[in-house]
1. Determine by what factor the alpha-carbon radius of gyration of the chain differs from 2.2 N^0.38 Å, reporting the quotient.
2. Work out, step by step, the length gained on full extension between residue 206 and residue 57: first 0.36 nm times the residue separation, then minus their alpha carbon distance; give nm to one decimal.
3. Between residue 2 and residue 230, what is the label-point separation in nm under the 7 Å Cα-to-beta-carbon projection?
4. If the chain between residue 293 and residue 157 were fully stretched, how many nm would it gain, using 0.36 nm times the residue separation less the Cα-Cα distance?
5. In nm, to one decimal, how far is the modelled label at residue 256 from the one at residue 196, with both set 7 Å along Cα→Cβ?
6. Relative contact order of the range 125-232: what whole-number percent is it, with Cα pairs under 8 angstrom and at least 6 residues apart?
7. Calculate the spin-label point distance for residue 39 paired with residue 220, positioning each point 7 Å from the Cα along the beta-carbon direction, and give it in nanometres.
8. Relative contact order of the chain: what whole-number percent is it, with Cα pairs under 8 angstrom and at least 6 residues apart?
């Protein structure tokens, strides 16, 4: 069995993306790694080259900034990286520039790929998510956070990145067909909402442009220079350990954020959803871009 990793990135330093840590978190189990590096205003290309691992291959790309609807450009850049992976690799492990995998999960992830390698019905593997918010000490609990997503897919070039690159589909029908996947007991640590408030505001402003016109970006993001983390956001304190590759970044945190989970305010619909899930195991209205085997 041969595994290829892949990701895409642009302006990683400018918007404080832990993409080097993301790549390093899964590199030990990868036999090959493709990184689509968009033309940047900083030293992103040198950052990726600086990892210095012969398994890493770089595809230099240019983003189409005229695409300002639905985050489409993110899916296109994901597809560029995926399509560049040679066919000799069986599975492809997708990691975004603000995601990491804990080293303790790597053996189990690899054994899961081996287990389902010869099962043609298994088109991908589904991961649990931890969404960190405000600091490395809290994870989001509200229903706006997706709890599962596909991060390993077969090296089938009819598979494509769907919508804003959150997940995948396979060709078949106008919008493609949902992949058939197996849920594995591994977690993606998502750090997209953990950075200095100034960098977070910059990131929000530039990335909202991938979905909206300038007027709507200003309406949603405002004109402040710093992002205002919401301390009333439903959160829980994280009691586990972070991936080792993130430790230096965690030690360097230079802003303050605190929250009291006992005082969190749940929207009424989320409270009802929590109750239904607790009683039945079903989460009403959950977005599921996959078919669970």
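We did not get these values from a lab; they are worked out from the coordinates using the rules stated. Just so we're clear, the structure is a prediction, and the values are computed from it rather than from any experiment. Cβ: placed from backbone, ideal geometry, glycine included. Neighbour counts: every protein chain shown.
1. Values: Rg = 18.9 Å, N = 293, 2.2 N^0.38 = 19.0 Å.
Dividing the Cα radius of gyration by 2.2 N^0.38 Å gives 0.99.
2. Numbers: separation 149, 0.36 × 149 = 53.64 nm, distance 2.69 nm.
Fully extending the segment from residue 206 to residue 57 adds 51.0 nm.
3. Output for this residue pair reads 4.7 nm.
4. Numbers: separation 136, 0.36 × 136 = 48.96 nm, distance 2.15 nm.
Going from the current span to full extension adds 46.8 nm.
5. According to this spin-label approximation, the distance is 1.7 nm.
6. Working: 137 pairs, mean separation 32.0, N = 108.
Computed over the range 125-232, the figure is 30 percent.
7. With each label placed 7 Å out from Cα toward Cβ, I get 2.5 nm.
8. Values: 536 pairs, mean separation 61.0, N = 293.
Value for the chain: 21 percent.
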